[in-house]
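Here is the structure we will look at.
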Amino acid sequence: MKSDMEKETYKISVITVVYNGVKTIERTIKSVLGQSYGNIEYIIIDGNSTDGTQQLVTKYLDSIAYFISEKDSGIYDAMNKGIDRATGDYVIFINSDDWLADNSIGRCIGFLDDSIDVLYGDVCRIYENGIETREKGEFKDINDIICRGICHQAVLAKLKLLKENHFDIHYKIASDYDWLLKIFYQGAKFSYVPIVFSHYCMTGYSVVNHELCAWECFEIANKYLSELDDKGQEKYYPIVNEQHYLQLFERLCETVRGHKLLKNILSNVFSHKEEVVVFGRGNNAEACLKVLNVMEVNVLKIIDNNKEIQGTVYQGIEVVGLDSALSRENKVVVSSTSYEQEIYHQLVINGFRDIVLFSDIKNRVCRMAKTEGKADHEMEK
């Protein structure tokens with residue numbers, strides 16, 4: 001770590017982009033201006049707001065290095081404008097509904113040195129119900145960064161890197177994810193610190209536009225996975241695809257559009273009020289039960305081979321063993337993907353004939369969602 005005398009040698013550019021954010025941006029501004037670290041340049045790029053945002057920002061013009069309000073081509077166009085105006089050594093983007101943690105820049109700055117391209121840490125996610133959770137940003141390998149990414153609200157990036165690699169405005173939601181993977185592949189040096197950089201509200205554009213965000217991330221992940229050698233692709237493609245599909249599927253189950261899509265695709269798989277049994281109370285069980293709830297299917301039991309959880313109740317449904325008195329006429333939905341073929345054969349041997357693999361459902365729905373999402377995206381351009 002640098003000494004106290006050396007700490008403020010790094011100039012930090014904080015960039016906020018906003019459009020009609022009058023209800024929240026003042027908290028953002030105060031969190032930046034209230035930092036104890038002194039060598040900060042604050043830039044605000046407004047997309048020609050009409051709700052009073054401009055008037056509110058002008059109250060703080062004496063403390064803002066640069067402010068402009070003009071029409072832009074989306075959030076990443078605005079972020080690129082901020083990059084072009086920035087003069088700091090490192091940059092952090094903080095959205096107009098988020099805010100910096102107390103003295104977060106001052107606490108992080110001592111970990112910087114000239115060899116570090118990206119210093120990153122944690123965020124505190126704020127949900128609509130007021131619940132706060134800390135999300136640790138540290139990644140261990142390429143799988144981590146591709147599957148999880150890093151919140152840009154928890155990233156201090158070298159301005160030089162940003163000027164050489166502007167955000168791709170082709171993407172509407174996930175261009176920051178694309179940027180991180182791009183510089184990772186270029187060999188940028190990342191360094192993690194276990195410090196909360198900012199508070200991140202789970203009501204932003206990327207959060208509420210689940211499907212578009214999911215398919216953009218999938219497209220970006222596969223773009224960079226394709227640059228791996230054959231051994232790397234063989235290792236990481238299945239992991240990333242599985243995680244992506246599960247995330248997209250869970251998001252679809254939470255939206256009206258997703259419900260409609262599920263019913264259109266699965267109407268020939270499940271009948272209304274049909275009685276089914278689920279096999280597997282593992283990682284996919286929650287997502288599996290969500291889709292069955294959307295399809296208005298009655299789940300009688302959950303089967304699991306793990307004797308330690310047999311007899312317990314999961315989401316109001318009893319977990320039992322395969323030897324329980326279950327009708328072999330019931331349809332069985334195999335939620336597990338890790339051992340689905342073994343489970344399938346186990347069910348067949350035990351007399352079950354109507355067997356549905358959750359992985360097949362998930363993949364069908366997600367492929368259709370991406371197709372529709374991409375079509376919508378192309379129409380918007």
Using +1 at the Cβ of each Lys and Arg and -1 at the Cβ of each Asp and Glu in the range 1-119, identify which of Cys108, Asn80, Val17 lies farthest towards the dipole's positive end.
-> Val17
How do the peptides 309-317, 330-338, 24-32 rank, highest first, by the average count of neighbouring beta carbon atoms within 10 Å per residue?
-> 330-338, 24-32, 309-317
From fewest to most C-beta neighbours within 10 Å, the residues Trp99, Trp179 line up as Trp179, Trp99
How are the C-alpha pair distances of the range 4-207 spread across 5 Å bins, as whole percents from the shortest bin up?
-> 1, 7, 16, 21, 22, 18, 10, 3, 1, 0
Calculate, in nm to one decimal, what Asn305 and Val348 gain on full extension: separation in residues at 0.36 nm each, minus their alpha carbon distance.
-> 14.0 nm
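Assigning unit charges at the beta carbon (Lys, Arg +1; Asp, Glu -1) and nothing else, what dipole magnitude in debye, to the nearest 20, does the range 4-207 show about its Cα centre?
The calculated dipole for the range 4-207 is roughly 100 debye.
Mind ranking 181-190, 14-23 by how tightly packed they are, going by the mean number of other C-beta atoms within 10 angstrom, highest first?
On the way: 181-190: 15.5, 14-23: 21.7.
Final packing ranking: 14-23, 181-190.
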What list do you get for Leu300, Leu322 if you sort them by fewest beta carbons within 10 Å?
-> Leu300, Leu322
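Treat the count of other C-beta atoms within 10 Å as a stand-in for reagent exposure and order Leu33, Leu292, Leu326 from fewest to most.
Starting with the residue having the fewest Cβ neighbours, the order is Leu33, Leu326, Leu292.
Could you give the length gained by full extension between Val269 and Asp114, i.e. 0.36 nm per residue of separation minus their alpha carbon distance, to one decimal place?
My answer for the length gained is 50.0 nm.
For the pairs Lys23/Lys158; Lys30/Lys71; Lys23/Lys140; Lys331/Lys362; Lys140/Lys301; Lys23/Lys223, flag any whose C-alpha to C-alpha distance is greater than 28 Å.
Lys23/Lys158; Lys23/Lys140; Lys140/Lys301; Lys23/Lys223
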Across the range 153-158, in residue order, what do the Karplus-derived ³J(HN,Hα) couplings come to in whole Hz, using 6.51 cos²θ - 1.76 cosθ + 1.60 with θ = phi - 60° and x for Gly and Pro?
-> 6, 10, 10, 9, 10, 4
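Just so you know, all these numbers are worked out from the coordinates, no wet-lab data involved. Keep in mind that this is a model prediction, so the values were computed, not measured. Every residue, glycine as well, gets a Cβ built from its backbone with ideal geometry; the counts of neighbours run over all protein chains shown.
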